[in-house]
1. State yes or no: is residue 249 aromatic (Phe, Trp, Tyr) and farther than 24 Å from residue 411 by Cβ?
2. Just one of the numbered conditions (1) surrounded by fewer than 20 Cβ atoms within 10 Å (Cβ to Cβ); (2) closer than 24 Å to residue 204 by Cβ is not true of residue 411; which one?
3. Where residues in the range 301-324 are polar (S, T, N, Q) and in contact (Cβ under 8 Å) with a residue 12 or more places away in the chain, which of them is farthest from residue 82 (Cα to Cα)?
4. Tell me, which residue of the range 325-355 that is more than 15 Å from the ligand (Cβ to nearest atom) and touching a residue at least 60 places away in the same chain (Cβ under 8 Å) is surrounded by the most Cβ atoms within 10 Å (Cβ to Cβ)?
5. For residues in the range 301-324 being at pLDDT below 90 and outside any loop (DSSP other than H, G, I, E, B), which is farthest from the ligand (Cβ to nearest atom)?
6. Determine whether residue 256 is touching a residue at least 40 places away in the same chain (Cβ under 8 Å), away from the ligand (no atom under 16 Å from the Cβ), under 18 Å from the mean Cα position of the chain (by Cα) and under 24 Å from residue 146 (Cα atoms).
7. Kindly indicate which of 227, 283, 298 is within 16 Å of the ligand (Cβ to nearest atom) and either within 18 Å of the chain's Cα centre (by Cα) or under 21 Å from residue 84 (Cβ atoms) (or both).
8. So which residues in the range 359-378 are more than 16 Å from the ligand (Cβ to nearest atom), touching a helix residue (DSSP H, G or I) at 6+ places or on another chain (Cβ under 9 Å) and part of a loop (DSSP other than H, G, I, E, B), if there are any at all?
Amino acid sequence: MSKRMHSRAGIPLWQKIMAGLVLGIIAGWLLGDHAQWLSPIGELFINAIKMLIVPLVFTSLISGIVSMGDPAKMGRIGGKAVALYLVTTAFAIALGMLAASILQPGIGVEMQMDNSVSPGEAPTLTEILVGLVPTNPINAMVEGNIMQIIVFAIALGISLVLIGERGQPAIRVIDSIAEALYKLTSLIMACAPVGVFALIAVVAGQYGLAVLIPLLKVIGVVYLACILHVLVVYSGMLALLARLNPRRYLTGSLDAIVVAFSSASSAGTLPVSIRCAREKLGISQGVSGFVLPVGATINMDGTALYMGVVALFVAQLTGTDLTTADYAMIVLTGTLASIGTAGVPGAGLIMLSIVFAQTNLPLEALGLIAGIDRILDMARTAVNVSGDLMVTTLVGKSEREIDLDIYNNKSAGQGS
Ligand code: ASP
């Protein structure tokens, strides 16, 4: 699986994907509105990856649980993952707020707003908890409700272990389907350079400089803070807590990061993340098949960071003085809102209204951000996915569920 597989031209896949990204930006700028013609190609690529999500999460989770064979270990891994997800998210939002306080992107931007818009209804905690258990697992799969699929797969996986010998036939079938789905992910990823090119060309063609220039500063702050979060916080945590070379984590995660960036969907990127974790970072199937789907659903560091930057940006723009309690409220509501954010394009903007409502910031300002949200969405989704992979690597290392030969091998899984 980790064998070196270069294309005929000898260029590794990740370099071709990066080339697709850069060429896509150039093509989009040159083509302008005409870049929309490329949109079916991008959609085809994303649909192909999304096609894998439900069967891959279901089968790889069950096969991972069975391979661990110990429900107590599952509980421990889940606990570690959720704790790390929460800590990194709170860190991200604080970093976003710090960057926005220092760089002040909202100062000098002219805008008029009123306070008349009322917030949408967010679900209550009880509703969220009750909704975790599906009444009909097939329905959960049809709707693509990842959290409910996770709950059902865990329950079924544990039961298969508990029935011992009689569980073997089902386990073998599920294992073999999971393996085939990994293979299919690799085959679809071979088309990633073209898919990423088309996706990014459409976005670059859509946003002319006229839309971007007034808000260039807030875009710059979000991007800068996102890059710092990945390069300093994630790399630092890996180096200090797990004694792993962060460069390998970054290069090993690159395919998933680029697909996340160009698709703006962390749920949609999940099959690619699982593949990176297994084949390039050497994380066991048990840990990656469990920690990554949970992360794609609840861990949104990039989204939290973006909420921190935008909340402060709007406060600066409207001359609103924020108290210490307001800052604490932004961290708290931002962390919770990011957990509730779905891993689909644009979801973070909707959840941002919760933070605004709690801190009395004008909801009208969301309209201003909506105009450039896709540009911000790409960066935050890339961080969301990087965060999932970082926590998965940390948990994998602490559970000794990492193959260090694969992790440290530069050419692991390359191009395959
Ligand atoms: N698009 C983001 C994601 O899929 C969610 C968001 O809008 O913040 O991770």
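1. On the way: aromatic (Phe, Trp, Tyr): yes; farther than 24 Å from residue 411 by Cβ: no.
In short, no.
2. Every condition holds for residue 411 apart from (2).
3. Within the range 301-324, the match that is farthest from residue 82 (Cα to Cα) is 318.
4. Ranking the candidates gives 330 first.
5. Checked the range 301-324; the qualifying residue farthest from the ligand (Cβ to nearest atom) is 318.
6. On the way: touching a residue at least 40 places away in the same chain (Cβ under 8 Å): yes; away from the ligand (no atom under 16 Å from the Cβ): no; under 18 Å from the mean Cα position of the chain (by Cα): yes; under 24 Å from residue 146 (Cα atoms): yes.
No, not satisfied.
7. Step by step, each of 227, 283, 298 is checked, and only 298 is within 16 Å of the ligand (Cβ to nearest atom) and either within 18 Å of the chain's Cα centre (by Cα) or under 21 Å from residue 84 (Cβ atoms) (or both).
8. Residues of the range 359-378 more than 16 Å from the ligand (Cβ to nearest atom): 359-365, 367-368.
After this cut, where a residue has to be touching a helix residue (DSSP H, G or I) at 6+ places or on another chain (Cβ under 9 Å) as well, the list is 359-363, 365, 368.
359, 360, 361, 362, 363 - these are the residues of the range 359-378 that are more than 16 Å from the ligand (Cβ to nearest atom), touching a helix residue (DSSP H, G or I) at 6+ places or on another chain (Cβ under 9 Å) and part of a loop (DSSP other than H, G, I, E, B).
The values are calculated or read from the model by the stated rules, or taken from the named source; none is laboratory data. These numbers come from a predicted model, not from an experiment. In this analysis, Cβ positions are derived from the backbone assuming ideal geometry, glycine residues included, and neighbour counts consider all displayed protein chains.
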